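Presented below is the structure to which this report refers.
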Amino acid sequence: MLNLFKKKPDNLPEFWHDYEVKFQEKLPKEIEETRFVVLDTETTGFDLKKDRMLSIGAVAINNKSIDIADGFEEYISQETFNPKTVKIHGIIQNERIKTLSEEEAVKAFLEYIGNSVLVAHHAGFDLGMINEALTRMGLPKLKNKVLDTVNLYRGTRIISNLINREKSYSLDEIAETYNIDIRDRHTAAGDAFITAIAFLTILGKLNTDGKLNLKKLFRV
Amino acid sequence: MKNTIASRIADFLKNYPPFNLLKKEDLLIISKQVKVKYLEKGKRLFSEGDIGHKRFYVVNKGAISLERDNNGKRETIDKCDEGDIFGLRPLFAKENYLINAIAEEETILYAIPIKKFKPLSEENKEVNNFLIQSFASNTRNPYSEAHKGKLISEKEPVESQYKPNNNLFELQPAPVTRKVVMTSPETTIKAAAQLMSKKKVGSVLVVEDNIAKGIVTDEDFRDMVATGAYGIETPVSKIMASPVICYPQGLTIAQAQLTMMKHHINHICITEDGTPNTKVVGILSEHDIMVSEGHNPSVLMKAIQRSNNTNELKKIRHKITLLLRGFLASNIPLNHISRIIFELNDATIKRIIERCIKKLPTPLPCDFTWISLGSQGRKEQLLQTDQDNALIFEDVPEEKLEETRAYFLELARKVNKRLNIIGYEYCPAEMMAKNPKYCLSLSEWKEQFTKWIIDPGNDEILLCSIFFDFDISYGNVNLSNALADHIFLLTKDNRKFYAVMGATTLRNPSPLGFFRQFLLEEDGENKDFFDIKKRGITPLTDAGRLLILYHQVKNISNTAERFEKLAQLEPNNKELFLSCAYASKVLLKFRTQHGLENRNSGRFIDLENLSKEEKIKLKRCFKSIRQVQELIKYRFEVTPYI
């Protein structure tokens, strides 16, 4: 009889196993004990299929503080190149900064994130980009839990007919509301840092009763 | 790996001591090890008796209040803002903290690892000196101009002495500057003048072996040099005032002021034993006393009008809060308090707008008016709350309309941002001039009000109630008056509108339940607290607004003043309206005191902590609310709309 639970013969590489095995551990209940990884990617454009990542930047949050030493910032060499987006992120092809191949960068990123909760602004896009890269490498999608600061920010707004809560807030708008310095905007690491500060601020705003935990955070 | 974030942190730190004294590479190494912490307003970072953290802290944004518990009373020792360092104790000693660090507002901190920083500070003598001085003195930044009076001398013990600051200002020790600019009697007038302009001081002490021989001030240069009486190569000893008036340390401000008046001088020299025969320890100037006397409205007003950056204004705002606290503590009548605080707030807003206009690349395309709404509009904003404002600009030709709006939106964005920085939070309902919905030309505003008043639904009434309480903060008063006239025209004898508005006024019924118990909040985060705004202040404000609109009285937006006016207009209801005026003042004072005590909006009150007397006072206020609500129900025939 066919054993339904038998794992299909896998030829997935070892680093993927190392990543996967970290998910056997359950996530903590409290926000203080959870490691969050706040990330941003710079890309050649907004088409998930055609465009490619040029860099990944991330910072980790432990116990509600951003640990600069626990950061991630890698640039990726790509064949695809889109002159239109150069003026946004300023990364030109063959620029003389140390770059990795896409595979190396994704591999390093998997090792860095482990089973942490991922946080990004318009998370669908950045995560989509990374998942596309994984697909090209013949790997499954990311297994991490994800929070989107657009949704979380919306949760801090009052419920009133006078404002449009369905609006999609840009990172610039949020930075302006919270008075966050927007230097290094449009570098992956810089945007990740801005997003991380916004995330911490939002946690403060949402935690009005002092009882906010991870479960509630996913329900915002 | 590139280090975008670490470089940014280094970029911030390098502007502040002691980090400005570090080598660039070292600073980057430290920056890579930083942790960035976010603290909610009111959050405690550490408490007296806590074990020292492994890091010390730099304020990146916001403010931290350093406090000590003194027999259950909180005593602020110092306030740290942008660039200030604190929590240094573990850097020097394996001891527990002796103070509490509490976030005075939303704060972002950079936490610097002591283990990594210590070797650097030990290598660099300047860094080490700065840290020791910061730690020892009450102030963290001995270089800061404002605090230089508190710098320690060799004679004082390293551990600082905390002084209670609840004393009368006049009885506090006068601020003494330790770094005295000195010169010798043989120095030429020219060289002395050069020294003074280099050090940016108005006087120089003439000394021999650290013994004060005389003093030369700006005034002496004017009277004796500029008049031609002495040449600039003459030694200063010829023109100095001598002997110098000397006093020992520990002079109070009152003593210092009296001495200065008696001798017609602006400076007092502090020597070891108070005679001119011992060494100079410091100098005390009239100016320093003035500066330290920041709690005086006229000094604050001048400071606001002269301020040249937003951070300066933010510091002044903090002093306004101290002033408010002092006023409340000394039981000064609330009308006076609100008026003074209103004027200071108003001046702050004006100053910000004035500066923002200058920042715009092109001059104003036409006249405009900046109006403050809500509590600032009613002159009832004692604590800093949200900012509610709007902008009216003159009518311009159709083709120029959007261009003009874009200009004013840009102005509004700048002003709203700066108001936010100094502590007025953004309005959660986005009722701010930077919102295109509330940055309109005069005709557009008129149209807007017509829509609201002709077809008043719940949202429209809410908007009306916010926009009816406006006060002009800046610009052309004719614009706001024209709008007010338009509103009166629309509302005159408009029974339907009054009835609907009356119904909204009654949506918060009298706060006393059956058996004369207080109605408490039944759910949410403030369960079992009494919501003084919803149950007390808002019903009164709503009632006052409706009644004054009914009488078509312009330019009174303060609730207490409205009721006082109503008492004049309706002699038969005089007693009720005066009691409402009184109630509105009492409730506002209650809220303000609670807000100051708990560092919040003061809106939710824990009844358990009220004294019997306070409860009786509150209940009396609520009786007036019930009566005025009855009057409205009857006069405006609101029953069908409730």
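Kindly establish whether residue B:373 is in contact (Cβ under 8 Å) with a residue 12 or more places away in the chain and touching an Asp or Glu at 6+ places or on another chain (Cβ under 6 Å). Yes; evaluated as a whole, the condition is true for this residue.
Residues that are under 22 Å from residue B:311 (Cβ atoms), touching a residue at least 12 places away in the same chain (Cβ under 8 Å) and within 11 Å of another protein chain (Cβ to nearest Cβ) number at least 2 in the following helices (runs of 4 or more DSSP H) confined to segment B:1-94: B:4-13.
Considering (1) under 18 Å from residue A:29 (Cα atoms); (2) facing chain B (nearest Cβ under 8 Å); (3) crowded, with 17+ Cβ neighbours inside 10 Å; (4) of a type outside the set (Val, Ile, Thr), the lone condition that residue A:147 does not fulfil carries the number (2). Selection of first residues in segment B:573-598 that are in the same structural domain as residue B:328 (by TED's automatic domain parsing) and of second residues that are assigned to a helix (DSSP H, G or I), restricted to Cβ pairs under 7 Å at least 6 apart or on distinct chains, gives an empty result. Checked against the criterion of being at the interface with chain B (Cβ under 10 Å from one of its Cβ atoms) and either among the aromatic types (Phe, Trp, Tyr) or in contact with a Cys (Cβ under 6 Å, 6 or more places away or on another chain) (or both), segment A:155-167 contains not a single residue that satisfies it. Before we move on, is residue B:452 without any contact (Cβ under 8 Å) to a residue 40 or more places away in the chain and buried (at least 17 other Cβ atoms within 10 Å of the Cβ)? When the stated conditions are applied, residue B:452 passes them.
Yes/no matrix, rows are residues, columns are (1) surrounded by fewer than 20 Cβ atoms within 10 Å (Cβ to Cβ); (2) not charged (D, E, K, R); (3) not in a loop (DSSP other than H, G, I, E, B):
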residue: B:193; (1), (2), (3): yes, yes, yes
residue: B:196; (1), (2), (3): yes, yes, yes
residue: B:207; (1), (2), (3): no, yes, yes
residue: B:216; (1), (2), (3): no, yes, yes
residue: B:224; (1), (2), (3): yes, yes, yes
residue: B:229; (1), (2), (3): yes, yes, no
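Out of all the residues in segment A:32-63, which are assigned to a loop (DSSP other than H, G, I, E, B), within 14 Å of chain B (Cβ to nearest Cβ) and crowded, with 17+ Cβ neighbours inside 10 Å? A:35 - this is the single residue of segment A:32-63 that is assigned to a loop (DSSP other than H, G, I, E, B), within 14 Å of chain B (Cβ to nearest Cβ) and crowded, with 17+ Cβ neighbours inside 10 Å.
All told, residue B:270 falls short of being assigned to a loop (DSSP other than H, G, I, E, B) and in contact (Cβ under 8 Å) with a residue 24 or more places away in the chain.
Every test in (1) free of Cβ contacts under 8 Å to residues at least 12 places away in the same chain; (2) in a helix (DSSP H, G or I); (3) out of contact with any strand residue (DSSP E or B) (no Cβ under 7 Å at 6 or more places or on another chain) is passed by residue B:493 save one, and that test is (2).
In segment B:592-612 there is no residue matching the filter, namely being of a type in the set (D, E, K, R), part of a helix (DSSP H, G or I) and surrounded by 14 or more Cβ atoms within 10 Å (Cβ to Cβ).
Residue B:419 passes every criterion in (1) within 13 Å of chain A (Cβ to nearest Cβ); (2) aliphatic (A, V, I, L, M); (3) surrounded by fewer than 22 Cβ atoms within 10 Å (Cβ to Cβ) apart from (3).
Taking the residues in segment B:548-570 that are outside any loop (DSSP other than H, G, I, E, B) and in contact with a Ser or Thr (Cβ under 9 Å, 6 or more places away or on another chain) as candidates, determine which candidate is surrounded by the fewest Cβ atoms within 10 Å (Cβ to Cβ). By that ranking, first place goes to B:550.
Can you spot a residue in segment B:347-358 that is without any contact (Cβ under 8 Å) to a residue 24 or more places away in the chain, surrounded by fewer than 19 Cβ atoms within 10 Å (Cβ to Cβ) and not in a helix (DSSP H, G or I)? The answer is no; no qualifying residue exists. Restricting attention to segment B:432-446 and to residues that are closer than 17 Å to residue B:470 by Cβ and assigned to a helix (DSSP H, G or I), the residue that is nearest to the other protein chains (Cβ to nearest Cβ) turns out to be B:437.
Condition check ((1) touching a Gly at 6+ places or on another chain (Cβ under 9 Å); (2) farther than 22 Å from residue B:213 by Cβ) across all residues:
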| residue | (1), (2) |
| --- | --- |
| B:276 | no, no |
| B:302 | no, yes |
| B:309 | no, yes |
| B:316 | yes, yes |
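Scanning segment A:161-220 for residues that are buried (at least 22 other Cβ atoms within 10 Å of the Cβ), among the hydrophobic types (A, V, I, L, M, F, W, C) and in contact with an Asp or Glu (Cβ under 6 Å, 6 or more places away or on another chain) yields A:188, A:189, A:192.
Looking only at segment A:182-191, decide whether some residue is within 14 Å of another protein chain (Cβ to nearest Cβ) and over 28 Å from residue A:49 (Cα atoms). If you could, list the steps in order and put the result at the bottom.
Taking segment A:182-191 and keeping what is within 14 Å of another protein chain (Cβ to nearest Cβ), we get A:182-191.
Going one step further and asking which of them are over 28 Å from residue A:49 (Cα atoms), we end up with A:182-183.
Checked segment A:182-191: at least one residue is within 14 Å of another protein chain (Cβ to nearest Cβ) and over 28 Å from residue A:49 (Cα atoms).
Between B:362, B:275, which is among the hydroxyl-bearing types (Ser, Thr, Tyr), part of a loop (DSSP other than H, G, I, E, B), closer than 21 Å to residue B:177 by Cα and in contact (Cβ under 8 Å) with a residue 12 or more places away in the chain? Working first, answer last.
Details: B:362 fails: closer than 21 Å to residue B:177 by Cα.
Going through B:362, B:275 in turn, just one is among the hydroxyl-bearing types (Ser, Thr, Tyr), part of a loop (DSSP other than H, G, I, E, B), closer than 21 Å to residue B:177 by Cα and in contact (Cβ under 8 Å) with a residue 12 or more places away in the chain: B:275.
The set of residues in segment B:160-191 being modelled with pLDDT under 80, surrounded by fewer than 16 Cβ atoms within 10 Å (Cβ to Cβ) and part of a helix (DSSP H, G or I) consists of B:170, B:171. The single residue among B:401, B:364 that is away from chain A (no Cβ under 14 Å) and closer than 23 Å to residue B:307 by Cα turns out to be B:364. The set of residues in segment B:43-62 being among the charged types (D, E, K, R) and farther than 18 Å from residue B:106 by Cα consists of B:48, B:50, B:54, B:55.
The values are calculated or read from the model by the stated rules, or taken from the named source; none is laboratory data. Computed from a prediction, not measured in an experiment: that's the story for all the values here. Glycine gets a Cβ as well: all are built from the backbone with ideal geometry, and neighbour counts include every protein chain shown.
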